[in-house]
1. Report the residue count in region 270-287 for those that are farther than 19 Å from ASP315 by Cβ and of a type in the set (D, E, K, R).
2. Looking at ALA40 and the list (1) within 17 Å of VAL154 (Cβ to Cβ); (2) open to solvent by 80 Å² or more (accessible area, probe 1.4 Å), which single condition is not satisfied?
3. Out of region 20-44, which residues are more than 13 Å from PHE147 (Cα to Cα) and in contact with a Leu (Cβ under 9 Å, 6 or more places away or on another chain)?
4. Out of region 256-309, which residues are hydroxyl-bearing (Ser, Thr, Tyr) and assigned to a helix (DSSP H, G or I)?
5. Tell me, which helices (runs of 4 or more DSSP H) lie completely within region 47-125 with 1 or more residues that are basic (Lys, Arg) and either open to solvent by less than 30 Å² (accessible area, probe 1.4 Å) or away from ligand 2 (no atom under 16 Å from the Cβ) (or both)?
6. Kindly provide the set of residues from region 296-311 that are in contact (Cβ under 8 Å) with a residue 60 or more places away in the chain, within 23 Å of the chain's Cα centre (by Cα) and open to solvent by 50 Å² or more (accessible area, probe 1.4 Å), ordered by number.
7. Check every one of the strands (runs of 3 or more DSSP E) wholly within region 159-251 and list those with 1 or more residues that are of a type in the set (Lys, Arg).
8. Pick from region 129-148 the residues that are among the charged types (D, E, K, R) and under 18 Å from GLY34 (Cα atoms): which of them is surrounded by the most Cβ atoms within 10 Å (Cβ to Cβ)?
Amino acid sequence: MEKKNIDWGNLSFGYVQTDYRYVSNFKDGAWDAGGLTTDANITMNECAGVLQYAQTCFEGMKAYTTEDGRIVCFRPDLNAARMADSCRRLKMPVFPEEKFLEAIVETVRANAAWVPPFGSGASLYLRPYMFGSNPVIGVKPATEYQFRVFATPVGPYFKGGIRPLTVRISDFDRAAPRGTGHVKAGLNYAMSLYAIVDAHEQGYDENIYLDSATRTCIEETGGANVIFIKGNTLVTPKSDTILPSITRRSLLYVAKEYLGMEVQEREVKLTEIGEFEECGLCGTAAVISPVGKIVDHGTEYTYAGFGPGIQKLYDTLTGIQMGRIEAPEGWITVIE
Ligand code: PLP
Ligand code: COI
């Protein structure tokens, strides 16, 4: 299979239309057989549930080329399970988890020419998503849905590649107690757009949100969880209103089992962030992006950027994802 003629090393985190995407429709209480299509466009009614009341959720995952030339996916079963949780919270029908995994494999296989080569620093980003597609005008769940997966080759999430980021403590809130912060609902991202545009205008790379009930604890950023390091200890916020990041959950395991670090998943007070030596943002898109500075209304906290802790976590996680380091049982799905 011949790879596409792309300058892989200079890709940013953007949409590139690839050849195939997976589509399945839910109607009369059941999912159809589903399959691949070359049609990247969607036609739907003007009153579709997603257009009126934002009934949509999504996932984000990546396919990589390993050093020995295989194409693999990282823990796709956890994305399938999280999407099922998002669907239940949004009153959408669950796309069966085993069908989700088949859809991922089919989409990646069909777009194998778009999977960036090993060592390019790029990967194939996969975006499974679902939305209410039939007309809904009273506020209620749709009865018809579409599940899709598209693929797009991507480079680093933050502009300028992997470099120490400057982030601010946001005055806006992201998720309410007992709201939807713990699922991957499109609405969580719609309401963060004002804050991210404002952050960029003020010269910041991202917003760190606080818990909206007390505004005293660190939650997460618009698109990634947060990790802190002090000495040999990895600390990450525990909260019911943040997205359960698969990268963060994997890093906790890697830190403990591969690197012999102490790990703490607990409330992280805003008043203690000055005590940490390193900070990073973790997620599928962000991988581990080092933070150089957190600004809280004029008070600046500085961190080591690619300090020794972030560096070894990054090397071990990406080593596992790209087949250089042996993965824990079940973490890698070989696609071909
Ligand atoms: N938090 C938010 C708000 C996100 O959008 C993401 C991205 O998926 C993450 C955290 C990281 O999650 P994961 O590591 O599963 O990609
Ligand atoms: C991901 O990391 O996959 C996400 O969905 C985050 C998004 C902000 C790009």
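1. Number satisfying all stated conditions: 2.
2. So ALA40 meets the others, but not (2).
3. Of everything in region 20-44, those that are more than 13 Å from PHE147 (Cα to Cα) and in contact with a Leu (Cβ under 9 Å, 6 or more places away or on another chain) turn out to be TYR20, MET44.
4. At the first step, the residues of region 256-309 found to be hydroxyl-bearing (Ser, Thr, Tyr) are 258, 271, 284, 289, 299, 301-303.
Answer for region 256-309, where residues must be hydroxyl-bearing (Ser, Thr, Tyr) and assigned to a helix (DSSP H, G or I): TYR258, THR271.
5. Counting at least 1 such residues, we get 76-89, 97-110.
6. PHE306
7. Because the criterion is at least 1 residues that are of a type in the set (Lys, Arg), the strands (runs of 3 or more DSSP E) in region 159-251 that meet it are 165-169, 225-230.
8. Here is the first cut: in region 129-148, the ones among the charged types (D, E, K, R) are 140, 144, 148.
Filter once more, so that each one left must be under 18 Å from GLY34 (Cα atoms): 144, 148.
Values: GLU144: 19, ARG148: 21.
Of everything passing the filter in region 129-148, ARG148 is surrounded by the most Cβ atoms within 10 Å (Cβ to Cβ).
The values are calculated or read from the model by the stated rules, or taken from the named source; none is laboratory data. Quantities reported herein were computed from a predicted structural model and do not represent experimental measurements. Because the Cβ atoms are built from the backbone with ideal geometry, glycine has one as well, and the counts that use them run over all protein chains shown. We work out accessible area using only protein heavy atoms, side chains counted, and drop any ligands, DNA or RNA first. Shrake-Rupley method; radii C 1.70, N 1.55, O 1.52, S 1.80 Å.
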